[in-house]
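What follows is one structure encoded as C-alpha coordinates, with my remarks underneath.
The values are calculated or read from the model by the stated rules, or taken from the named source; none is laboratory data. Predicted model only: the values in this text are computed from it and were never measured. No Cβ is skipped: glycine too gets one built from the backbone with ideal geometry, and neighbour counts run over all protein chains shown. Ligands, DNA and RNA are excluded from the accessible area calculation, which covers all protein heavy atoms including side chains. Shrake-Rupley method; radii C 1.70, N 1.55, O 1.52, S 1.80 Å.
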Amino acid sequence: MKGAGTDEAAVIEVLARRTIAQRQRIKEAYKLTVGKDLADDLQGELTGNTEKVVLGLLMIAPKYDAYELRTAIKGSGTEEAALIDILASRTNAEIRAITEVYMKEHGKSLEDDIEADTSGMFKRVLVSLLTAGRDESNTVNETQAVQDAKDIYEAGEACWGTDEVKFLTVLCVRNRNHLLRVFEEYQKISGRDIEDSIKREMSGSLEDVFLAIVKCLRNKPAFFAERLYKSMKGLGTTDSILIRIMVARAEIDMLDIKTEFSKAYGKTLHSFINGDSSGDYRKILLELCGE
(Lines give C-alpha, C1' and ligand atoms only; values in the text may rest on other atoms or scores of the structure.)
Protein backbone atom coordinates (compact mmCIF):
# COMPACT_ATOMS: atom_id res chain seq x y z
CA MET A 1 0.00 0.00 0.00
CA LYS A 2 2.97 2.26 0.50
CA GLY A 3 3.60 4.95 -2.11
CA ALA A 4 1.48 5.65 -5.16
CA GLY A 5 -0.96 2.96 -6.22
CA THR A 6 -1.76 -0.31 -4.48
CA ASP A 7 -0.45 -3.78 -5.18
CA GLU A 8 -3.89 -5.42 -5.09
CA ALA A 9 -2.46 -8.79 -6.10
CA ALA A 10 -0.35 -8.89 -2.92
CA VAL A 11 -3.32 -7.92 -0.75
CA ILE A 12 -5.44 -10.66 -2.34
CA GLU A 13 -2.63 -13.20 -2.16
CA VAL A 14 -2.11 -12.65 1.56
CA LEU A 15 -5.67 -12.21 2.82
CA ALA A 16 -7.65 -14.66 0.67
CA ARG A 17 -5.28 -17.54 1.38
CA ARG A 18 -5.37 -17.29 5.17
CA THR A 19 -7.82 -18.53 7.77
CA ILE A 20 -9.94 -16.14 9.82
CA ALA A 21 -7.67 -16.78 12.85
CA GLN A 22 -4.55 -16.04 10.81
CA ARG A 23 -6.05 -12.81 9.47
CA GLN A 24 -6.75 -11.65 13.02
CA ARG A 25 -3.08 -12.19 13.88
CA ILE A 26 -1.99 -10.33 10.74
CA LYS A 27 -4.20 -7.41 11.84
CA GLU A 28 -2.56 -7.39 15.29
CA ALA A 29 0.94 -7.61 13.83
CA TYR A 30 0.15 -4.79 11.39
CA LYS A 31 -1.01 -2.53 14.20
CA LEU A 32 2.09 -3.37 16.20
CA THR A 33 4.59 -2.73 13.41
CA VAL A 34 2.87 0.05 11.44
CA GLY A 35 0.89 1.65 14.25
CA LYS A 36 -2.27 1.82 12.12
CA ASP A 37 -5.43 -0.18 11.67
CA LEU A 38 -5.16 -2.55 8.69
CA ALA A 39 -8.87 -2.30 7.81
CA ASP A 40 -8.72 1.52 7.83
CA ASP A 41 -5.65 1.52 5.60
CA LEU A 42 -7.15 -0.94 3.13
CA GLN A 43 -10.38 1.04 3.04
CA GLY A 44 -8.38 4.01 1.85
CA GLU A 45 -6.61 1.99 -0.83
CA LEU A 46 -9.32 -0.22 -2.30
CA THR A 47 -12.70 0.52 -3.84
CA GLY A 48 -15.97 -1.11 -4.81
CA ASN A 49 -16.63 -4.82 -4.45
CA THR A 50 -12.97 -5.74 -3.90
CA GLU A 51 -12.94 -3.46 -0.86
CA LYS A 52 -16.16 -5.04 0.44
CA VAL A 53 -14.71 -8.55 0.18
CA VAL A 54 -11.39 -7.59 1.81
CA LEU A 55 -13.02 -5.74 4.71
CA GLY A 56 -15.35 -8.71 5.23
CA LEU A 57 -12.40 -11.08 5.36
CA LEU A 58 -10.81 -9.04 8.14
CA MET A 59 -13.78 -9.56 10.47
CA ILE A 60 -14.43 -12.60 12.63
CA ALA A 61 -17.61 -14.49 11.66
CA PRO A 62 -20.14 -13.06 14.18
CA LYS A 63 -18.86 -9.55 13.56
CA TYR A 64 -19.25 -9.97 9.80
CA ASP A 65 -22.79 -11.32 10.19
CA ALA A 66 -23.69 -8.48 12.56
CA TYR A 67 -22.21 -5.98 10.10
CA GLU A 68 -24.19 -7.48 7.20
CA LEU A 69 -27.42 -7.40 9.22
CA ARG A 70 -26.81 -3.78 10.22
CA THR A 71 -26.17 -2.84 6.59
CA ALA A 72 -29.36 -4.65 5.54
CA ILE A 73 -31.43 -2.73 8.09
CA LYS A 74 -30.06 0.79 8.11
CA GLY A 75 -30.95 3.38 5.51
CA SER A 76 -34.14 3.38 3.52
CA GLY A 77 -35.64 0.01 2.72
CA THR A 78 -34.45 -3.32 4.06
CA GLU A 79 -32.46 -5.98 2.29
CA GLU A 80 -34.67 -8.89 3.37
CA ALA A 81 -32.39 -11.39 1.58
CA ALA A 82 -29.58 -10.67 4.06
CA LEU A 83 -31.83 -11.12 7.09
CA ILE A 84 -33.14 -14.40 5.68
CA ASP A 85 -29.80 -15.82 4.52
CA ILE A 86 -28.15 -15.22 7.87
CA LEU A 87 -30.89 -15.94 10.40
CA ALA A 88 -32.28 -19.04 8.67
CA SER A 89 -28.89 -20.71 8.34
CA ARG A 90 -26.99 -20.07 11.57
CA THR A 91 -26.88 -22.33 14.63
CA ASN A 92 -28.15 -21.23 18.05
CA ALA A 93 -24.61 -20.51 19.22
CA GLU A 94 -23.86 -18.49 16.09
CA ILE A 95 -27.03 -16.42 16.50
CA ARG A 96 -26.24 -15.72 20.15
CA ALA A 97 -22.74 -14.58 19.18
CA ILE A 98 -24.16 -12.31 16.47
CA THR A 99 -26.64 -10.63 18.84
CA GLU A 100 -23.88 -10.02 21.40
CA VAL A 101 -21.55 -8.47 18.82
CA TYR A 102 -24.38 -6.39 17.37
CA MET A 103 -25.17 -4.93 20.78
CA LYS A 104 -21.50 -4.17 21.45
CA GLU A 105 -20.88 -2.60 18.02
CA HIS A 106 -24.09 -0.64 17.59
CA GLY A 107 -25.27 -0.01 21.13
CA LYS A 108 -28.73 -1.38 20.42
CA SER A 109 -30.36 -4.76 20.25
CA LEU A 110 -30.62 -6.58 16.94
CA GLU A 111 -34.10 -7.72 17.89
CA ASP A 112 -35.27 -4.13 18.42
CA ASP A 113 -33.79 -3.07 15.08
CA ILE A 114 -35.41 -5.94 13.20
CA GLU A 115 -38.74 -5.32 14.94
CA ALA A 116 -38.60 -1.66 13.93
CA ASP A 117 -37.69 -2.49 10.36
CA THR A 118 -39.96 -5.41 9.43
CA SER A 119 -43.61 -6.17 9.96
CA GLY A 120 -46.31 -8.79 10.25
CA MET A 121 -45.66 -12.48 10.22
CA PHE A 122 -42.25 -12.04 8.57
CA LYS A 123 -41.14 -10.04 11.60
CA ARG A 124 -42.44 -12.74 13.97
CA VAL A 125 -40.47 -15.47 12.17
CA LEU A 126 -37.23 -13.44 12.28
CA VAL A 127 -37.70 -12.64 15.97
CA SER A 128 -38.37 -16.30 16.67
CA LEU A 129 -35.14 -17.29 14.87
CA LEU A 130 -33.28 -14.58 16.79
CA THR A 131 -34.19 -16.12 20.15
CA ALA A 132 -31.88 -19.03 19.18
CA GLY A 133 -34.34 -21.41 20.80
CA ARG A 134 -34.31 -24.24 18.28
CA ASP A 135 -34.01 -27.70 19.81
CA GLU A 136 -30.59 -28.93 18.70
CA SER A 137 -30.85 -32.51 19.90
CA ASN A 138 -31.17 -35.43 17.46
CA THR A 139 -34.27 -36.95 18.98
CA VAL A 140 -37.22 -37.71 16.75
CA ASN A 141 -40.54 -38.02 18.51
CA GLU A 142 -42.61 -40.14 16.09
CA THR A 143 -46.01 -39.27 17.53
CA GLN A 144 -45.12 -35.58 17.63
CA ALA A 145 -43.77 -35.69 14.05
CA VAL A 146 -47.03 -37.11 12.73
CA GLN A 147 -48.96 -34.51 14.73
CA ASP A 148 -46.73 -31.67 13.48
CA ALA A 149 -47.23 -32.76 9.88
CA LYS A 150 -51.01 -32.85 10.43
CA ASP A 151 -50.95 -29.46 12.11
CA ILE A 152 -49.07 -27.85 9.21
CA TYR A 153 -51.35 -29.53 6.69
CA GLU A 154 -54.46 -28.33 8.51
CA ALA A 155 -52.98 -24.84 8.88
CA GLY A 156 -52.31 -24.56 5.15
CA GLU A 157 -53.40 -26.86 2.35
CA ALA A 158 -56.43 -28.22 4.20
CA CYS A 159 -58.08 -24.92 5.02
CA TRP A 160 -59.10 -21.66 3.46
CA GLY A 161 -56.37 -19.13 4.20
CA THR A 162 -53.21 -20.05 6.08
CA ASP A 163 -52.48 -20.19 9.79
CA GLU A 164 -48.84 -19.09 9.58
CA VAL A 165 -48.33 -19.32 13.35
CA LYS A 166 -48.53 -23.12 13.12
CA PHE A 167 -45.77 -23.12 10.50
CA LEU A 168 -43.68 -20.88 12.76
CA THR A 169 -44.10 -23.03 15.88
CA VAL A 170 -43.02 -26.17 14.05
CA LEU A 171 -40.36 -24.85 11.64
CA CYS A 172 -38.56 -22.49 14.02
CA VAL A 173 -38.53 -24.66 17.14
CA ARG A 174 -38.09 -28.37 16.36
CA ASN A 175 -34.74 -30.02 15.72
CA ARG A 176 -33.43 -30.94 12.28
CA ASN A 177 -33.91 -34.74 12.42
CA HIS A 178 -37.41 -34.33 13.76
CA LEU A 179 -38.32 -31.86 11.01
CA LEU A 180 -36.94 -34.09 8.25
CA ARG A 181 -39.32 -36.75 9.59
CA VAL A 182 -42.17 -34.20 9.67
CA PHE A 183 -41.51 -33.37 5.99
CA GLU A 184 -41.73 -37.07 5.05
CA GLU A 185 -44.98 -37.43 6.94
CA TYR A 186 -46.31 -34.21 5.40
CA GLN A 187 -45.66 -35.59 1.90
CA LYS A 188 -47.73 -38.69 2.80
CA ILE A 189 -50.65 -36.72 4.19
CA SER A 190 -50.83 -33.98 1.58
CA GLY A 191 -49.32 -35.61 -1.50
CA ARG A 192 -47.09 -32.56 -1.81
CA ASP A 193 -43.58 -31.58 -0.84
CA ILE A 194 -43.50 -29.06 2.01
CA GLU A 195 -41.66 -26.56 -0.21
CA ASP A 196 -44.43 -26.69 -2.82
CA SER A 197 -47.04 -26.08 -0.15
CA ILE A 198 -45.12 -23.09 1.23
CA LYS A 199 -44.98 -21.63 -2.30
CA ARG A 200 -48.73 -22.14 -2.72
CA GLU A 201 -49.71 -20.82 0.69
CA MET A 202 -47.37 -17.85 1.21
CA SER A 203 -45.85 -15.03 -0.75
CA GLY A 204 -43.11 -12.40 -0.55
CA SER A 205 -40.61 -12.36 2.30
CA LEU A 206 -42.61 -14.77 4.42
CA GLU A 207 -42.49 -17.40 1.68
CA ASP A 208 -38.76 -16.72 1.25
CA VAL A 209 -37.93 -17.14 4.93
CA PHE A 210 -39.93 -20.36 5.40
CA LEU A 211 -38.40 -21.83 2.24
CA ALA A 212 -34.92 -20.86 3.43
CA ILE A 213 -35.52 -22.58 6.79
CA VAL A 214 -36.70 -25.79 5.09
CA LYS A 215 -33.84 -25.77 2.56
CA CYS A 216 -31.20 -25.13 5.23
CA LEU A 217 -32.55 -27.98 7.34
CA ARG A 218 -32.48 -30.34 4.37
CA ASN A 219 -29.11 -29.38 2.94
CA LYS A 220 -27.39 -26.14 3.91
CA PRO A 221 -24.63 -26.23 1.24
CA ALA A 222 -27.29 -26.80 -1.46
CA PHE A 223 -29.21 -23.77 -0.13
CA PHE A 224 -26.11 -21.59 -0.48
CA ALA A 225 -25.29 -23.06 -3.90
CA GLU A 226 -28.76 -22.05 -5.09
CA ARG A 227 -28.37 -18.56 -3.61
CA LEU A 228 -25.04 -18.15 -5.42
CA TYR A 229 -26.47 -19.42 -8.69
CA LYS A 230 -29.42 -17.03 -8.52
CA SER A 231 -27.14 -14.12 -7.62
CA MET A 232 -25.21 -14.61 -10.86
CA LYS A 233 -27.56 -16.05 -13.46
CA GLY A 234 -29.24 -13.81 -16.02
CA LEU A 235 -28.40 -10.17 -16.50
CA GLY A 236 -26.36 -8.43 -13.84
CA THR A 237 -25.13 -9.85 -10.57
CA THR A 238 -26.49 -9.38 -7.07
CA ASP A 239 -23.07 -8.66 -5.63
CA SER A 240 -24.26 -8.21 -2.05
CA ILE A 241 -25.45 -11.86 -1.94
CA LEU A 242 -22.42 -13.19 -3.82
CA ILE A 243 -19.96 -11.39 -1.52
CA ARG A 244 -21.80 -12.28 1.68
CA ILE A 245 -21.88 -16.01 0.95
CA MET A 246 -18.32 -16.24 -0.42
CA VAL A 247 -16.90 -14.41 2.61
CA ALA A 248 -19.08 -16.02 5.28
CA ARG A 249 -18.86 -19.62 4.06
CA ALA A 250 -15.26 -19.68 2.75
CA GLU A 251 -14.01 -21.51 5.81
CA ILE A 252 -17.14 -23.38 6.78
CA ASP A 253 -18.61 -25.36 3.91
CA MET A 254 -17.27 -23.93 0.64
CA LEU A 255 -16.14 -27.37 -0.58
CA ASP A 256 -19.64 -28.76 -0.03
CA ILE A 257 -21.23 -25.72 -1.64
CA LYS A 258 -19.03 -26.21 -4.71
CA THR A 259 -20.01 -29.87 -4.93
CA GLU A 260 -23.72 -29.04 -4.65
CA PHE A 261 -23.35 -26.27 -7.21
CA SER A 262 -21.82 -28.60 -9.83
CA LYS A 263 -24.44 -31.25 -9.06
CA ALA A 264 -27.36 -28.87 -9.45
CA TYR A 265 -26.20 -26.71 -12.36
CA GLY A 266 -23.75 -28.87 -14.32
CA LYS A 267 -21.08 -26.15 -14.15
CA THR A 268 -18.50 -25.34 -11.53
CA LEU A 269 -18.90 -22.40 -9.19
CA HIS A 270 -15.40 -21.37 -10.27
CA SER A 271 -16.45 -21.09 -13.94
CA PHE A 272 -19.60 -19.17 -13.00
CA ILE A 273 -17.67 -16.61 -10.95
CA ASN A 274 -15.04 -16.39 -13.67
CA GLY A 275 -17.63 -15.49 -16.27
CA ASP A 276 -19.60 -13.17 -14.05
CA SER A 277 -17.04 -10.86 -12.46
CA SER A 278 -13.86 -9.11 -13.50
CA GLY A 279 -10.59 -7.57 -12.34
CA ASP A 280 -9.44 -7.81 -8.73
CA TYR A 281 -12.97 -8.61 -7.61
CA ARG A 282 -12.91 -11.74 -9.74
CA LYS A 283 -9.42 -12.66 -8.51
CA ILE A 284 -10.32 -12.51 -4.84
CA LEU A 285 -13.61 -14.41 -5.29
CA LEU A 286 -11.80 -17.14 -7.23
CA GLU A 287 -9.20 -17.39 -4.45
CA LEU A 288 -11.99 -17.87 -1.90
CA CYS A 289 -13.70 -20.37 -4.16
CA GLY A 290 -10.58 -22.42 -4.84
CA GLU A 291 -10.31 -24.67 -7.87
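For the reader, a short list of remarks on this structure follows.
- With the biggest extent put first, the Cα atoms of segment 156-259 measure 41, 30, 22 Å across the principal axes.
- Subtracting the Cα-Cα distance of ARG18 and GLN187 from their residue separation scaled by 0.36 nm leaves 56.4 nm.
- Over every Cα atom in segment 203-264, the radius of gyration and the widest Cα-Cα span, Dmax, amount to 11.7, 33 Å.
- Order of exposure, largest accessible area first, which applies to VAL53, VAL140, VAL101 with probe 1.4 Å: VAL140, VAL101, VAL53
- Packing-based ranking, highest mean first, of 40-51, 61-72 given that Cβ atoms within 10 Å are counted: 61-72, 40-51
- GLU207 paired with GLU105, simple spin-label distance in nm, labels 7 Å along Cα-to-beta-carbon: 3.2
- Stokes-Einstein D for segment 28-83, Kirkwood Rh over Cα pairs, 25 °C, 0.890 mPa s (µm²/s): 193
- Note that segment 2-151 presents 52 Å² accessible area per residue, ligands and nucleic acids not counted, probe 1.4 Å.
- Orientation-averaged projected area, Cα convex hull of segment 142-195 (nm²): 3.3
- Within the chain, helix-based [θ] at 222 nm, where runs of 4 or more DSSP H residues each add -39,500 (n - 2.57), nearest 500: -22500 deg cm²/dmol
- For segment 167-218, applying the loop criterion from DSSP together with a ceiling of 12 other beta carbons within 10 Å to the trypsin sites (Lys or Arg not before Pro) yields no site.
- Dimensionless Rg over Rh [segment 1-66; C-alpha; Kirkwood]: 0.94
- Taken one residue at a time, the phi angles of segment 236-243 give Karplus couplings (6.51, -1.76, 1.60, θ = phi - 60°) of x, 10, 8, 4, 4, 6, 4, 5 Hz. Gly and Pro are set to x.
- Phi angles of segment 100-111 translate, via the Karplus equation with coefficients 6.51, -1.76, 1.60 and θ = phi - 60°, into HN-Hα couplings of 5, 4, 4, 4, 5, 6, 10, x, 8, 7, 4, 4 Hz per residue; Gly and Pro are given as x.
- Here the chain has 49 percent of its accessible surface on carbon and sulfur atoms, given a 1.4 Å probe and all protein chains in place.
- Cα centroids of segment 181-255 and segment 83-150: 16 Å apart.
- Fraction of C-alpha pairs exceeding 26 angstrom in segment 13-131: 28 percent, rounded to a whole number.
- Within segment 117-225, the chymotrypsin sites (Phe, Trp or Tyr not before Pro) that combine a DSSP coil assignment with at most 15 other C-beta atoms in a 10 angstrom radius are TRP160.
- Relative contact order (%) - the chain, alpha-carbon pairs under 8 angstrom, separation at least six: 18
- If you model segment 57-212 as an ellipsoid using its alpha carbon gyration tensor, with each semi-axis the square root of five times an eigenvalue, the axes come out at 30, 18, 12 Å, biggest first.
- Folded to 0 to 90 degrees: helix 48-57 orientation relative to the chain principal axis, Cα: 80
- Note on segment 77-124: Rg/Rh from C-alpha atoms, Kirkwood Rh, equals 0.95.
- HN-Hα J in Hz across segment 195-212 - Karplus 6.51, -1.76, 1.60, θ = phi - 60°, x for Gly and Pro: 5, 4, 5, 4, 5, 6, 8, 10, 8, x, 5, 5, 4, 4, 6, 5, 4, 4
- Difference of contour (0.36 nm per residue) and Cα-Cα distance, GLU142 to ALA116: 5.5 nm
- The chain - charge dipole about Cα centre, Lys and Arg +1 at Cβ, Asp and Glu -1, debye rounded to 20: 560
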